[in-house]
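A short worksheet on the structure shown next.
The values are calculated or read from the model by the stated rules, or taken from the named source; none is laboratory data. The structure displayed is predicted, hence computed values, not measured ones. Note that each Cβ is placed from the backbone with ideal geometry, even for glycine, and that neighbours are counted across all protein chains shown. Heads up: the accessible areas ignore ligands, DNA and RNA and are worked out on the full protein's heavy atoms, side chains in. Shrake-Rupley method; radii C 1.70, N 1.55, O 1.52, S 1.80 Å.
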Protein chains: 2
Amino acid sequence: MIGGSAINVLIGQSGGPTSVINSSLAGVISSAIEHGFDHIYGMENGIAGLIEGRICQIDKKIYTEKNIEDKLKSEPAAILGSCRYKLPEDLSDFVYEKIFQTLEKFQISSLIYIGGNDSMDTVVKLNKYIEKNRIAWLHVIGIPKTIDNDLREMDHSPGFGSAAKYVATALNLVRTDVNIYNVKSVTFVEIMGRNAGWLAASALLSNYKKKRKTVNLLYLKEVEKTKEDILSDIKEAFKYENNLVIALSEGFMDKDGFFAKEDKKSYDQAFGHPVISGIGEKLSNFVAKELGVKSRSVELNILQRTSFLISKQDSKEAFELGYKGLEKSISQTNLVPVIKRKEKETYEYYIDFVDPLLIANKEKYIPKAWLESYRVLEDKIIAYGLPLIQGQVEEKFDKGMISFIGLDDFTKKAY
Amino acid sequence: MIGGSAINVLIGQSGGPTSVINSSLAGVISSAIEHGFDHIYGMENGIAGLIEGRICQIDKKIYTEKNIEDKLKSEPAAILGSCRYKLPEDLSDFVYEKIFQTLEKFQISSLIYIGGNDSMDTVVKLNKYIEKNRIAWLHVIGIPKTIDNDLREMDHSPGFGSAAKYVATALNLVRTDVNIYNVKSVTFVEIMGRNAGWLAASALLSNYKKKRKTVNLLYLKEVEKTKEDILSDIKEAFKYENNLVIALSEGFMDKDGFFAKEDKKSYDQAFGHPVISGIGEKLSNFVAKELGVKSRSVELNILQRTSFLISKQDSKEAFELGYKGLEKSISQTNLVPVIKRKEKETYEYYIDFVDPLLIANKEKYIPKAWLESYRVLEDKIIAYGLPLIQGQVEEKFDKGMISFIGLDDFTKKAY
């Protein structure tokens, strides 16, 4: 500690939102209160806000009395605000001096950074700076999150379970809508995940133990298909079913790049810049034309991550990672708590700690063996994903609408 | 009655889905059981299915024992299947003969048709046929539904409350997502309703008693705007707020048709037929280019009507309309039960019966006086809409997903 014995924590959130980043935040805050931290601070808009000195202070009394922990557990997105900011490679850059001046000023002994693989790069760099400058008064710990489930070194990432729960349920809902007309139809449901197909594949959870499948086909970036393959898949599926539901990863592209070309064609016209319509819309137009059937595309968009549905399992794990992360920061630095799965019949997990360097800037993909066939993938995803979507966090309703608290309900400006 | 004293009901669902058409269906079935109807039949895919003789029989024992009433109340879409079929104007058309032969065969004494303004046209025509042919053994009653809230002769239409509840909540969720970055941004949220802006206007419910508005601007078909107006609205709003949320009716078009032209431009290319991208996407592209800010469009799509959220008030009213409709059909024909609002401080309603001719093929719009200003509309919509979105129907979860029953869980084929 510098200039005294204060133990203070500063928490930041970074990258894209999930339904449970605020559960991790609640885990850190509750842990800090229980471990007797003097002050609890938040960066507004992550490391970018810290650089600008935008810090708020969490009011421990209000937090406890108004049961903010419970409210944060049902609130999606990042209540502290987020950023997409990459720290410079050069550790002698002025930005580091600025950051560490602020940290000294607030006598921060623990810095907890909740984010994905880009944010873990921030954790790595801050620790490099600590090591290089032999700073003894600060520990920096990362807490993982992403709906994409593409973080390495863990069984799954917090945020994925809730997004998967939303996706699988949305497909059940779309299925009720699709079934009502007695005409041949194809409905594409476009699901987030540019590089890794985990979330799109979790659409298959909705097929669990169904006589009639909710999802008939699935297209992932990971499995190569030509436009002819797609037409023949659909024709084959029509032999058994009138109304097809096709789950589609937003990162999917046909092998020959036929659908990619369409964007370029749109470039010159419209408003003079590319009209990037989703792959779902393109496939839908293509199928309608080629097969003469009713076709539409449904994009699950940002509501996937600001979930109507929060998995209780996911929320619990996210909270614990925050809680244990803060605890670890008292004695150690440069670590990330992660969920590991025990090899058992029923789902059990434990928390382990890993080096952020193993997560930063890397991606994890669906194992090749799972992609052998649609049938294999369905079995694998159900065994893997079903335990992660169990239970529902109770939403807070106000006047008939799910509603949320604001940062100023339990913090004050500290700058 | 023909050839005996059987009292049998045949129920159909028609038009686009809502979250509570199955509540109305449950109301009819439960009422029929309580009023001692001998047999309860369903048309598969509405009148189109009836013409083809596709009839199922509801198993009263299973319905009661398995509490299907409760399950139907939490199930969106139309479990009997739907159609978009207009009966011929000419009452001597062969199709009528076919319909009435089937009705005679099943000894139907009550026909209940749940649908919107197009479906009420079916109710009108069947009653015309009854009148013309002096048929005494059959009564035909319509039950209203639509998320669009554009049916005349009623305070509001069943289905609207749940859709409005979803829209207002979705906007609260989008707002949490929008707030996280510290950069200027515009998010358009495109809401269903091609001709009437009721549902888009219900986005304003999310502003109820908020210091910081959830929705900053609203564009309806009913209020004329040029593209220049839009830019100036947004510039003005940016004076007070960094992250704008704009609710947008899918039927909105600028006064000069600038955005309509974009579709035509897209016509010749792509797959040789028009790429109809939503107005939200067009406005988003336009704003990004003209103002150089981050802009995106979120389409609430079919999940608006296959709701994650079902309003308890809406469900209750939809059930009662079905219940009372069946009751009325015992003694009368050619009527539609509707919800009327009492003129009181707090919301109270009663059920009245009207001639389907007053509803069929007509539309109801937002009153002109409400459109005087954004402020007036917000006040009016909140007073009007807030009572309709109160309470939540409990969803049924199976393995962590909201899940649904199928028609064959409580019916058998009757043809």
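Taking segment B:16-67 as the range and being farther than 17 Å from B:Phe106 by Cα, assigned to a loop (DSSP other than H, G, I, E, B) and open to solvent by less than 10 Å² (accessible area, probe 1.4 Å) as the test, the residues that pass are B:Pro17, B:Thr18, B:Ser19, B:Val20.
Is it true that B:Val123 is of a type in the set (A, V, I, L, M, F, W, C), part of a helix (DSSP H, G or I) and in contact with a Phe, Trp or Tyr (Cβ under 6 Å, 6 or more places away or on another chain)? Yes: the conditions hold for B:Val123. Residues in segment B:280-317 that are charged (D, E, K, R), in contact (Cβ under 8 Å) with a residue 24 or more places away in the chain and open to solvent by less than 30 Å² (accessible area, probe 1.4 Å): B:Asp314, B:Glu317.
Tell me, yes or no, whether segment B:335-358 has at least one residue that is touching a strand residue (DSSP E or B) at 6+ places or on another chain (Cβ under 6 Å), hydrophobic (A, V, I, L, M, F, W, C) and under 30 Å from B:Lys210 (Cβ atoms).
There is at least one residue in segment B:335-358 that is touching a strand residue (DSSP E or B) at 6+ places or on another chain (Cβ under 6 Å), hydrophobic (A, V, I, L, M, F, W, C) and under 30 Å from B:Lys210 (Cβ atoms).
For segment B:81-94, which residues satisfy the criterion of being out of contact with any Asp or Glu (no Cβ under 6 Å at 6 or more places or on another chain) and either within 14 Å of another protein chain (Cβ to nearest Cβ) or open to solvent by less than 10 Å² (accessible area, probe 1.4 Å) (or both)?
Matches in segment B:81-94: B:Ser82, B:Cys83, B:Arg84, B:Tyr85, B:Leu87.
The conditions of being among the hydroxyl-bearing types (Ser, Thr, Tyr), in contact with a strand residue (DSSP E or B) (Cβ under 8 Å, 6 or more places away or on another chain) and part of a helix (DSSP H, G or I) are met by B:Thr102. Considering (1) within 14 Å of another protein chain (Cβ to nearest Cβ); (2) in contact with a helix residue (DSSP H, G or I) (Cβ under 7 Å, 6 or more places away or on another chain); (3) not aromatic (Phe, Trp, Tyr), the lone condition that A:Gly116 does not fulfil carries the number (2). Of all residues in segment A:229-255, those satisfying the criterion of being touching a strand residue (DSSP E or B) at 6+ places or on another chain (Cβ under 7 Å) and crowded, with 19+ Cβ neighbours inside 10 Å are A:Ile234, A:Asn243, A:Leu244, A:Val245, A:Ile246, A:Ala247, A:Leu248, A:Ser249, A:Glu250, A:Phe252. Got a sec? Which of B:Leu388, B:Leu326 is touching a Gly at 6+ places or on another chain (Cβ under 8 Å), of a type outside the set (Phe, Trp, Tyr), under 24 Å from B:Pro76 (Cβ atoms) and away from chain A (no Cβ under 14 Å)? Just one listed residue meets the conditions, B:Leu326.
When segment A:153-191 is filtered for residues that are within 21 Å of A:Lys364 (Cα to Cα) and modelled with pLDDT under 95, nothing remains.
Conditions (1) under 27 Å from B:Ser232 (Cβ atoms); (2) under 14 Å from the mean Cα position of the chain (by Cα), marked per residue:
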residue	(1), (2)
B:Leu138	no, no
B:Lys145	no, yes
B:Asp150	no, yes
B:Thr187	yes, no
B:Leu204	yes, no
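In this structure, B:Leu248 qualifies as at pLDDT 95 or above and not in a helix (DSSP H, G or I). Of the residues in segment B:180-198, how many are open to solvent by 10 Å² or more (accessible area, probe 1.4 Å), in a loop (DSSP other than H, G, I, E, B) and within 12 Å of another protein chain (Cβ to nearest Cβ)? So the count comes out to 3. Total residues in segment B:204-228 satisfying the condition of being within 11 Å of another protein chain (Cβ to nearest Cβ) and either open to solvent by less than 20 Å² (accessible area, probe 1.4 Å) or of a type outside the set (Lys, Arg) (or both): the figure is 5. In segment B:358-408, which residues are open to solvent by 60 Å² or more (accessible area, probe 1.4 Å) and under 30 Å from B:Ile99 (Cβ atoms)? Those that are open to solvent by 60 Å² or more (accessible area, probe 1.4 Å) and under 30 Å from B:Ile99 (Cβ atoms): B:Leu358, B:Asn361, B:Lys362, B:Asp408.
Only one of the numbered conditions (1) modelled with pLDDT of 95 or more; (2) farther than 18 Å from B:Gly193 by Cβ is not met by B:Leu371, and that is (2). Assessment of segment A:98-113 against the conditions (within 18 Å of the chain's Cα centre (by Cα) and within 14 Å of another protein chain (Cβ to nearest Cβ)) yields no matching residue. As for segment A:8-18, it holds at least one residue that is β-branched (Val, Ile, Thr) and within 14 Å of chain B (Cβ to nearest Cβ).
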